[in-house]
Amino acid sequence: MPFSRLTPRTQKLTTLVAAGITFLLMALVFGGLQFFYAKRQQAVQNINYTQLRQLAETSGALAVEIDGEMMTVRMPDGQLLRAVVTNAAAQQEVAAAFASNKAQVEYQSLQPGTLTTILSWLLPIASVLLFVFIGWRVYASMGGGQGNFQQAETNTNDGATFADVAGVDEARAELSETIDFLRDPTRFGRLGGRPPRGLLLSGPPGTGKTLLARAAANEAKVPFLSVSGSSFQEKFAGLGAARVRRLFKQARKLAPCVIFIDEIDALGRKRGRGGDSASADQDQTLNQLLVEMDGFEQLSGVVVIASTNRPDILDQALTRPGRFDREITVNLADMRGREQILRVHARNLKLEEGLDLSWIARGTPGFSGADLANLLNEAAIAATRDNSEAVGREHVEYARDKILMGVERQGFLMDEDERFATAVHEAGHVAVGLAVENGDPIHKVSILPRGRALGVTQALPERDRFMKKREYLEDQIAMLLGGRAAELLLLETMTAGASNDIERAVEIARKMVAEFGMSPLGPIHLGRPEDPHSQTILDRIEQATNDIVGEQLKRACKVVDARRTEIAVLVDGLMERDTLDAEEIRSSFGLKSEQAAA
Ligand code: ADP
Ligand code: ZN
């Protein structure tokens, strides 16, 4: 995760200063309100949509205020013209036209209708309290009167260039055009290319999206304005939109520059979902962002890069031409990529002679760039603790276990009964894991509590899995349920420790039914949970999911039943030594060792 998230500055003010500022703000709010009333009383001329469009297309308007369906245009001579545009798309278009003709577009935050009614019957004291509160919120959201969007200059990967990003060659190549543009925005226009405006980096967390954006800015030697999408989430309608306006204002001053919006899904969700104030604010924030992007002069030299790991939930308006119209997918690296990433992060580490980065890469399928950086860091810490000269295999193994299984919980003592129950549960996972044909090899099993789990069975893919067959998914479910199967048959009870296993098993089964079409319901795809679906189809999916899970639990029970003796040996081993590695597991089950088999 990036370190550059800039949050509003929390300012500690003495009560006295606070009171003073509150008073000032109150005065401002009242003043503003009076102005607002004055403006309302000012003659407003109604115009129709066609006239509005004409206005939008010829420059001349000073500003446009959009309040619900009402669009009010302010002319340089102070005249106010108003039109009602009911169609949201049409409104967007007109707003964009205004913006590109240099009119200021503002989504109104205060809804006069509601406000006036509230004001008219609220006791004066109540309204004073309200203003104080709103005043505080505004003040706080402005970060004490200062901009929140700073050039991120004080963070760890500040000087990052493309040399620091590995394993994502395609994304790098796609960004090179953007860098050319940032280096010389005007030249780009002369050559007739369409300058990039918005890029969307999508992919799982920790794959280097932030790093890429920052490196692009650094390669072009332009400022990097970084902000998190979630920092726009405000309780009061309109505040988020105001923050967007300020961000772009600052960017225009700094241009050419890069605006980076991390986790844009936090503000870019589909609009118009809920009626509450927070989602109204989100809608306005998103509208404001769209208007700002449309309003860019083509060659202003501001490039907006956004990142998300949920491109599917983004409002479609965001990805229209002229906005975030280029999507660059940043995937988890494959083995070669992982080796390259490890090379980047091993630059300043001393590694033992025999420690080969490709060996680490092979043993870390599914690890993101951030995981790999973390792995080497943890290994280095372990090596220091051991007073070792260099980082060795054992340090890497230790670090990998720590990342995969969580830290061992010290001082958390289970009594013998609990240890036994945990050992039986884990042995059940192991037994099923060894029996199934399409599972990943069992790497380790432990009854030392780690994180929130009492015990862990760790299976590690031998290679990157790009395609998941039905049999693989079924085996996964069976293995997850192996713990519960062992409880049922060998302990003749059930423990709550299986809850996470069950959750994951059901999740896989549900995907098989509702997304991969691997059930008697046939090739159906349910889409997103938030979309409307009929109760009948939901019930049938639920049923088919239950069937799969039930069937796999039966299968797991069969395996456990057939392997009682071996499980007993494994449980003894666990009770004695807490953790068993792949070799010890295989010998408990009377299997040949890996090396001998190979
Ligand atoms: P994201 O924005 O995709 O969540 P980040 O860019 O914040 O990921 O990555 C976090 C950290 O992980 C980076 O600062 C870097 O140290 C490391 N990292 C991630 N991906 C890579 C990569 N492809 N090459 C080198 N380091 C990487
Ligand atoms: Zn379990």
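The values are calculated or read from the model by the stated rules, or taken from the named source; none is laboratory data. It should be emphasised that the depicted structure is a prediction, and the values quoted were computed from it without experimental measurement. Counting neighbours? That spans all protein chains shown, and the Cβs are built from the backbone with ideal geometry, glycine included. Keep in mind that these areas ignore ligands, DNA and RNA; they rest on the heavy atoms of the full protein, side chains included. Shrake-Rupley method; radii C 1.70, N 1.55, O 1.52, S 1.80 Å.
Could you list, ordered by first residue, the pairs with Cβ atoms under 6 Å in which the first is in the range 312-333 and in contact (Cβ under 8 Å) with a residue 40 or more places away in the chain and the second is more than 16 Å from ligand 1 (Cβ to nearest atom) and open to solvent by 20 Å² or more (accessible area, probe 1.4 Å), at least 6 apart or interchain?
Between residues of the range 312-333 that are in contact (Cβ under 8 Å) with a residue 40 or more places away in the chain and residues that are more than 16 Å from ligand 1 (Cβ to nearest atom) and open to solvent by 20 Å² or more (accessible area, probe 1.4 Å), the close pairs are Ile313/Arg269; Asp315/Lys270; Asp315/Arg271.
Any idea which of Ala486, Ala544 is in a helix (DSSP H, G or I) and in contact (Cβ under 8 Å) with a residue 40 or more places away in the chain?
Just one listed residue meets the conditions, Ala486.
Would you be able to tell me the number of residues in the range 79-97 that are under 16 Å from Ala61 (Cα atoms) and touching a residue at least 60 places away in the same chain (Cβ under 8 Å)?
2
Within the range 162-185, how many residues are part of a helix (DSSP H, G or I) and within 12 Å of ligand 1 (Cβ to nearest atom)?
7
Return only the number of the condition from (1) more than 16 Å from ligand 1 (Cβ to nearest atom); (2) touching a Gly at 6+ places or on another chain (Cβ under 8 Å) that Ala370 does not satisfy.
(1)
Only residues that are among the aliphatic types (A, V, I, L, M), under 29 Å from Lys221 (Cα atoms) and either modelled with pLDDT of 85 or more or within 16 Å of ligand 1 (Cβ to nearest atom) (or both): list them for the range 294-316, please.
Across the range 294-316, the qualifying residues are Val302, Val303, Val304, Ile305, Ala306.
With the requirement that a residue be more than 15 Å from ligand 2 (Cβ to nearest atom) and in contact with a Leu (Cβ under 7 Å, 6 or more places away or on another chain), what does the range 475-533 give you?
Met512, Val513, Ala514, Glu515, His533 - these are the residues of the range 475-533 that are more than 15 Å from ligand 2 (Cβ to nearest atom) and in contact with a Leu (Cβ under 7 Å, 6 or more places away or on another chain).
Counting only residues that are part of a loop (DSSP other than H, G, I, E, B) and more than 16 Å from ligand 1 (Cβ to nearest atom), how many does the range 207-254 have?
Matching residues across the range 207-254 total 9.
Provide a single number: the residues in the range 85-100 that are open to solvent by 30 Å² or more (accessible area, probe 1.4 Å) and either at pLDDT 80 or above or over 17 Å from Thr50 (Cβ atoms) (or both).
3
Answer with yes or no whether Asp539 is among the acidic types (Asp, Glu), in the same structural domain as Val436 (by TED's automatic domain parsing) and open to solvent by 20 Å² or more (accessible area, probe 1.4 Å).
So Asp539 fits the description; yes.
Take Asn287 and decide whether it is within 18 Å of Lys249 (Cβ to Cβ) and in contact with a helix residue (DSSP H, G or I) (Cβ under 8 Å, 6 or more places away or on another chain).
The answer is yes for Asn287.
Condition check ((1) under 28 Å from Thr285 (Cα atoms); (2) modelled with pLDDT under 85; (3) open to solvent by 10 Å² or more (accessible area, probe 1.4 Å)) across all residues:
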| site | (1), (2), (3) |
| --- | --- |
| Asn155 | yes, yes, yes |
| Gly159 | no, yes, yes |
| Ala163 | no, no, yes |
| Ala166 | no, no, yes |
| Asp180 | no, no, yes |
| Phe188 | no, yes, yes |
| Gly198 | yes, no, no |
| Pro204 | yes, no, yes |
| Lys235 | yes, yes, yes |
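What residue, of Val513, Val549, is away from ligand 1 (no atom under 16 Å from the Cβ), modelled with pLDDT of 95 or more and surrounded by 17 or more Cβ atoms within 10 Å (Cβ to Cβ)?
The unique qualifying residue is Val549.
Go through the range 240-263 and count every residue that is under 12 Å from Ser300 (Cβ atoms) and open to solvent by less than 10 Å² (accessible area, probe 1.4 Å).
4
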